[in-house]
């Protein structure tokens, strides 16, 4: 069961690495929290993103993501909810004074639980991720290698494993900038402005996408 060739694994892990390195709302969310509030916030963000990705993989494995691919209404509903959420995060950052809003540079930091929940939502409310998993994972289902749902779950889980090798080093590197943010409110202010603009742009781009 689940017997694959070396060529299969090379193709899959190459695609998984490229997927995890590609920029997008998930990476912006993780690095934004890391740079502004340190590694603890960064890991809370990444665990939230990973949870959302796991749920996407499960939905794809059991066919529920097909609803998004087949239904224009369902796709549009999730797309607009996700776009509005990203724009809302961006506005929070744009309204920041350098020590509040999206994330805080000094003083009280946003709770890990709150950051985690935001990460889950950022991942789940992106229908493109659901459809990507629905289109990507079946490419690696091999006839006779085992139940299709199990193969989909295993490959979906391995994408998270690959992320576990790529994203933590980025968090640790970004955490070094947190000390600078704490010492200089102006740096925090401009970083909030940059992050806010990025999230608003990502939200607008998501709203303009089609299936």
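Restrict the check to segment 16-23 and report whether at least one residue is out of contact with any strand residue (DSSP E or B) (no Cβ under 8 Å at 6 or more places or on another chain) and at pLDDT 80 or above. Looking for residues that are out of contact with any strand residue (DSSP E or B) (no Cβ under 8 Å at 6 or more places or on another chain) and at pLDDT 80 or above, one finds at least one in segment 16-23, hence yes. Pairs meeting the criteria (first residue in segment 1-21 and in a helix (DSSP H, G or I), second residue at pLDDT below 85 and surrounded by fewer than 15 Cβ atoms within 10 Å (Cβ to Cβ), beta carbons under 7 Å, at least 6 apart or on different chains) are 8/142.
Residue-wise test of (1) modelled with pLDDT of 80 or more; (2) farther than 17 Å from residue 17 by Cα.
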site	(1), (2)
142	yes, yes
145	yes, yes
154	yes, no
162	yes, no
180	no, yes
184	no, yes
187	no, yes
191	no, yes
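Restricting attention to segment 91-111, does a residue exist that is within 16 Å of the chain's Cα centre (by Cα), modelled with pLDDT of 75 or more and under 21 Å from residue 80 (Cβ atoms)? Scanning segment 91-111, I find no residue that is within 16 Å of the chain's Cα centre (by Cα), modelled with pLDDT of 75 or more and under 21 Å from residue 80 (Cβ atoms), so the answer is no.
Somewhere in segment 52-66, is a residue modelled with pLDDT under 75, in a helix (DSSP H, G or I) and over 17 Å from residue 29 (Cα atoms)? Write out each step before concluding.
Residues of segment 52-66 modelled with pLDDT under 75: 63-66.
Those still in the list that are in a helix (DSSP H, G or I) too: 66.
Restricting the remaining residues to those that are over 17 Å from residue 29 (Cα atoms) gives 66.
Yes - at least one qualifying residue is present in segment 52-66.
On the given criteria, is residue 172 closer than 20 Å to residue 89 by Cα, loosely packed, with under 14 Cβ neighbours inside 10 Å and modelled with pLDDT of 70 or more? For residue 172, the condition - closer than 20 Å to residue 89 by Cα, loosely packed, with under 14 Cβ neighbours inside 10 Å and modelled with pLDDT of 70 or more - is not met.
The values are calculated or read from the model by the stated rules, or taken from the named source; none is laboratory data. All values derive from a computational prediction rather than experimental measurement. Backbone-built Cβ (ideal geometry, glycine too); neighbour counts: all protein chains shown.
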